[in-house]
Amino acid sequence: MNYNLKYYKFGLAIMAVILTFLSCKDKVKNKVSNEEAAISTFTNPLKVEFGDPFVLDNGDGTFYMYGTGQVENGFATYSSNDLVNWKFEGRIYEGNIEASWTQKNFWAPEVYKFGAKYFLFFSADDKDNPNDELENFKIGVAVSDSPKGPFKDLTDQPLFDPGYPIIDANVFKDDDGKFYLYYSRVCYKHPVESEISQWAKEEGLYDEIEESWVYGVELAADFKSVIGEPQLLLRPPLEMNDRNAEWESRSVTSGEVNRRWTEGSFTFKHNGTYYMMYSANHYAGPNYAVGYATSNSPLGKYQKADNNPVLQKNIDKGGDVTGTGHNMVLSLNGGKKMYTMYHGRTKAMGENRVVFIDKMNIEEDGTLIVDGPTTESIPKPLEN
């Protein structure tokens with residue numbers, strides 16, 4: 001009897017060892033699985049405090065992000081090989097120096113690689129300001145041999161002067177090799193009569209409403225001048241029953257400010273159609289949002305979409321993101337995947353603008369959809 005009990009206890013001990021081993025194996029397996037999941041996913045916002053983000057695909061597996069902020073009187077860049085983790089590379093352009101036409105308010109840089117050169121398009125206040133205007137923005141171009149700079153002004157003056165202050169340069173190269181420049185006329189000293197402005201006056205909110213409009217013009221191949229006259233492409237709706245009037249007028253109807261914006265445009269081509277994404281409302285407020293319009297020609301006429309806005313605050317739906325805007329579009333895997341990068345604000349970051357990247361898609365009928373703003377865990381752009 002004692003003999004059997006001895007072997008019974010031995011068997012129990014062996015079984016305990018086996019169960020412990022299997023349990024440890026499962027824990028290791030689960031740990032590896034969790035680590036793999038952590039590697040292939042990320043959460044917005046990215047750890048980059050930029051406004052107006054723009055990303056250059058350098059074609060060698062490296063991406064460079066440019067934006068408003070991080071350095072005084074100029075611009076800086078970050079680099080990444082996965083579009084999620086970014087390394088600060090320092091200043092790329094310094095303005096407000098003796099040899100430059102620039103003075104202050106260095107905004108919305110975009111860098112393009114054409115041939116072996118890199119071209120930086122940006123806006124800043126012009127030193128030449130005989131009437132002492134509060135907003136004297138012009139668009140400039142600088143060039144470098146490296147995406148990390150240093151960039152030097154292509155000429156000693158702004159690209160051109162349309163007769164009003166301008167910001168938010170965006171460049172598009174069409175299939176025929178022609179270049180186009182898109183930009184925003186700022187609201188400054190640009191009051192516009194509309195049903196919205198009349199409503200605001202009757203409500204005792206504002207005596208006038210200033211507006212920002214998006215223009216386009218052909219760009220010379222040497223980037224030193226423009227060709228022809230700028231064409232008005234997008235503006236806020238004139239009538240209150242316009243399907244885009246409500247969301248584009250929120251900064252006015254909420255009593256935030258007496259301005260309506262159409263700015264921060266980004267143009268790309270998909271299946272023969274030109275898409276222009278743009279931002280509306282006050283860039284520093286919660287209502288900043290993104291819409292889009294389409295055209296059969298790079299210089300219009302552009303028709304705003306019915307499903308605008310395609311990107312806006314989610315705080316009303318239980319989220320914590322506001323001020324989503326000034327986006328750009330990044331095509332990956334030969335255009336099979338599309339992402340949009342933009343800035344927004346969160347409760348944790350307060351007034352600081354931070355960068356988001358979210359997936360977007362164009363359906364068979366041409367409808368553009370953005371899956372954002374997201375703050376939950378989502379697959380990394382280059383791993384799904």
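Rule-based calculations on the coordinates, nothing more; no lab input. Computed from a prediction, not measured in an experiment: that's the story for all the values here. In this analysis, Cβ positions are derived from the backbone assuming ideal geometry, glycine residues included, and neighbour counts consider all displayed protein chains.
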- [ ] Just check the stretch 182-222 against the gyration tensor rule for me: Cα atoms, a ≥ b ≥ c as the square roots of the eigenvalues, rounded for a/c under 1.5, and otherwise prolate or oblate depending on whether a/b exceeds b/c.
- [x] prolate
Task: Neighbour-count ranking [beta-carbon atoms within 10 angstrom, fewest first] of Val257, Val143 - done: Val143, Val257
- [ ] Quick one: angle between helix 2-40 and the longest Cα principal axis of the chain, in degrees between 0 and 90, rounded to 10, please.
- [x] 10 degrees
- [ ] Would you mind telling me which residue in Ala99, Ala169, Ala116 has the biggest mean-square fluctuation in a Gaussian network model of the chain, where springs connect alpha carbons within a distance under 10 angstrom?
- [x] Ala116
Open item on the list: If you build the convex hull over the alpha carbons only and average its shadow over all orientations, what do you get for the chain? Give it in nm² to one decimal.
Closed with: 26.6 nm²
Task: Reciprocal of mean inverse Cα separation for the stretch 72-179 (Kirkwood radius, Å) - done: 14.8 Å
Task: Distance violations [Cα-Cα > 18 Å] among Lys87/Lys148; Lys117/Lys337; Lys148/Lys336; Lys113/Lys178; Lys313/Lys359; Lys104/Lys148 - done: Lys117/Lys337; Lys148/Lys336; Lys104/Lys148
Task: Residue among Leu219, Pro379, Trp101 farthest towards the positive dipole end of the chain, charges placed on Cβ - done: Pro379
TODO: For the stretch 199-321, list log₁₀ I(q)/I(0) at each q in 0.17 Å⁻¹, using the Debye formula over Cα point scatterers of equal strength and ignoring solvent, two decimals each.
DONE: -0.91
Task: Three-way shape label, the stretch 262-384, alpha-carbon gyration tensor, a/c 1.5 - done: oblate
Task: q = 0.21, 0.29 Å⁻¹: log10 I(q)/I(0) that the Debye formula gives for the stretch 53-123, counting C-alpha atoms only - done: -0.90, -1.37
Open item on the list: Only counting other Cβ atoms within 10 Å, I'd like Arg260, Arg243, Arg185 sorted with the fewest neighbours first.
Closed with: Arg243, Arg185, Arg260
- [ ] Work out the charge dipole of the stretch 43-383 with +1 on the Cβ of Lys and Arg and -1 on the Cβ of Asp and Glu about the Cα centre, then indicate which of Gly264, Phe121, Val84 is farthest towards its positive end.
- [x] Val84
